[in-house]
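The values are calculated or read from the model by the stated rules, or taken from the named source; none is laboratory data. Quick caveat: nothing in here was measured; it's all calculated off a predicted structure. Virtual Cβ from ideal backbone geometry, glycine too; neighbours counted across all protein chains shown. Each accessible area value is taken on the protein alone, full model and side chains, heavy atoms only, with ligands, DNA and RNA left out. Shrake-Rupley method; radii C 1.70, N 1.55, O 1.52, S 1.80 Å.
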Amino acid sequence: MWRIARDSKVLDVNASYSYLLWCRDFAATSVLATVEGEPAGFVTGYRRPDQPDTLMVWQVAVDADFRGKRIASRMLDAVVDQQDTPVAAMETTITPDNEASIQLFTAFARSRGAEITRGPGFDSSHFPDGHESELLFRIGPLS
């Protein structure tokens, strides 16, 4: 997972240790896609503590060798469909220039017949390292 994030050249790369923790502690809200036993992509997410019916998607990544095969959209469907209790909404933050992610989540909302709203997420002033601002995308209600 760490390698896929690193090689994407667009994702914030977390410590390799954090990906192990995601697999262990957030397996119910994350997905690892494999092709012939090799990691092809992942979605990491969690239930918002203040809104437990909302699934916050932290990262979506697909290995360059497997892009264009709808792996990302199938992983988003899987992470919602595998929940023990229903998910009313999905949230994610996206930088304004990340067209691929905007298209992915817009298509997901459309496929679920859900509305998608965009609003302020985190302004660049929140980040100490020059990170771009992130918009909050909320998709729901999910059926």
Legend entry - Spans of strands (runs of 3 or more DSSP E) in the stretch 71-143 with at least 1 residues over 15 Å from Val57 (Cα atoms): 115-122
Legend entry - Which listed residue is touching a Leu at 6+ places or on another chain (Cβ under 9 Å) and not hydrophobic (A, V, I, L, M, F, W, C), from Thr54, Thr85, Thr93, Thr106: Thr93
Inset, instruction - State which residue is nearest to Leu76 (Cα to Cα) when the search covers only the stretch 101-114 and only residues that are in contact (Cβ under 8 Å) with a residue 24 or more places away in the chain and exposed (fewer than 14 other Cβ atoms within 10 Å of the Cβ). - result: Ser111
Inset, instruction - Report, by residue number, each residue of the stretch 122-139 that is at pLDDT below 85 and either out of contact with any helix residue (DSSP H, G or I) (no Cβ under 9 Å at 6 or more places or on another chain) or open to solvent by less than 50 Å² (accessible area, probe 1.4 Å) (or both). - result: Phe122, Asp123, Ser124, Ser125, His126, Phe127, Pro128, Asp129, His131, Ser133
Inset, instruction - Answer yes or no: is there a residue in the stretch 63-82 that is of a type in the set (Phe, Trp, Tyr) and closer than 23 Å to Phe122 by Cα. - result: no
Legend entry - Within the stretch 15-30, considering residues that are without any contact (Cβ under 8 Å) to a residue 40 or more places away in the chain and assigned to a loop (DSSP other than H, G, I, E, B), the one surrounded by the most Cβ atoms within 10 Å (Cβ to Cβ): Phe26
Legend entry - Condition check for Val60: in a loop (DSSP other than H, G, I, E, B) and either in contact with a Ser or Thr (Cβ under 9 Å, 6 or more places away or on another chain) or closer than 24 Å to Leu20 by Cα (or both): no
Inset, instruction - Residues being surrounded by 17 or more Cβ atoms within 10 Å (Cβ to Cβ) and of a type in the set (Asp, Glu): count how many of those fall in the stretch 31-66. - result: 1
Legend entry - Near pairs, Cβ below 6 angstrom, 6+ apart or cross-chain, from the stretch 115-132 (under 17 Å from Asn98 (Cβ atoms)) to any residue that is aliphatic (A, V, I, L, M): Ile116/Ala109; Ile116/Ile139; Arg118/Leu135; Gly119/Leu136; Gly121/Leu135; Gly121/Leu136
